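To start, the structure under review is shown below, and the notes come after it.
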Ligand code: 5GP
Ligand code: ZN
């Protein structure tokens, strides 16, 4: 897509630190990393979110993310890895081209994503089980 930042990175119109590329995906380092080695796995075709991605490309993305995570564990000696995908603005998506964050984690690095949030919905879980059943 013409005016998409990540499409421009994929076409090498904008420079980035690429650590992997094949016919389906490219992986580059986040320009504003939340931790060392923070990488983005990005499908080459433009889709806005993971909900738009064909399943086969979604599989490509997660398979490559696993390889990136294994490399981060080995080379950075991190103790864990977060996969994070923000879908749509309400979920914090800033760049409207689907991408999976692969974030190395270290004991006591003090990063907080979803832990510790109190929604107050704990008494309604049964209701949501019915509403959200996808079978
Ligand atoms: P989102 O909030 O959409 O899930 O994440 C977008 C990510 O893209 C952010 O972590 C941001 O730092 C990163 N980003 C934004 N612009 C650029 C850029 O020009 N180059 C690179 N490498 N990363 C970018
Ligand atoms: Zn794009």
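Any read-out appearing in this document is the output of simple, stated calculations on the displayed coordinates, not a laboratory observation. Keep in mind it's a predicted model, so treat the numbers as computed, not measured. Please note: Cβ atoms are built from the backbone with ideal geometry, for glycine as well, and neighbour counts cover all protein chains shown.
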What order, most packed first, do the peptides 36-45, 14-23 have when packing is the mean number of other Cβ atoms within 10 Å of each residue? 36-45, 14-23
Can you tell me the Rg and Dmax of region 74-122, counting just the alpha carbons, in angstroms? 13.7, 40
May I ask you to order 62-72, 123-133 by the average number of other C-beta atoms within 10 Å around their residues, highest value first? 62-72, 123-133
Using a 10 angstrom cutoff on alpha carbons, build the Gaussian network for the chain and name the most mobile of 28, 113, 47. 113
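Using only the alpha carbons of region 47-86, what is the convex hull's orientation-averaged projected area in square nanometres?
Numbers: hull surface 12.3 nm².
Quarter of the Cα hull surface area: 3.1 nm².
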Folded to 0 to 90 degrees: helix 55-76 orientation relative to the chain principal axis, Cα: 80
State, as an integer percentage, the relative contact order of region 1-130 based on alpha-carbon contacts under 8 Å between residues 6 or more apart. 24
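Counting other beta carbons within 10 Å of each residue's own, what order do 100, 29 fall into, fewest first? Write down the numbers at each step before the final one.
Values: 100 22, 29 14.
Listed from fewest to most nearby Cβ atoms, that is 29, 100.
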Sum of -39500 (n - 2.57) over DSSP H runs of 4+, divided by residues of the chain (222 nm, nearest 500): -8500 deg cm²/dmol
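Kindly give Rg over Rh for the chain, based on alpha-carbon atoms, with the Kirkwood expression for the hydrodynamic radius. Provide the component values of the computation, followed by the final result.
Numbers: Rg = 16.6 Å, Rh = 16.4 Å.
Using only Cα positions, Rg/Rh for the chain is 1.01.
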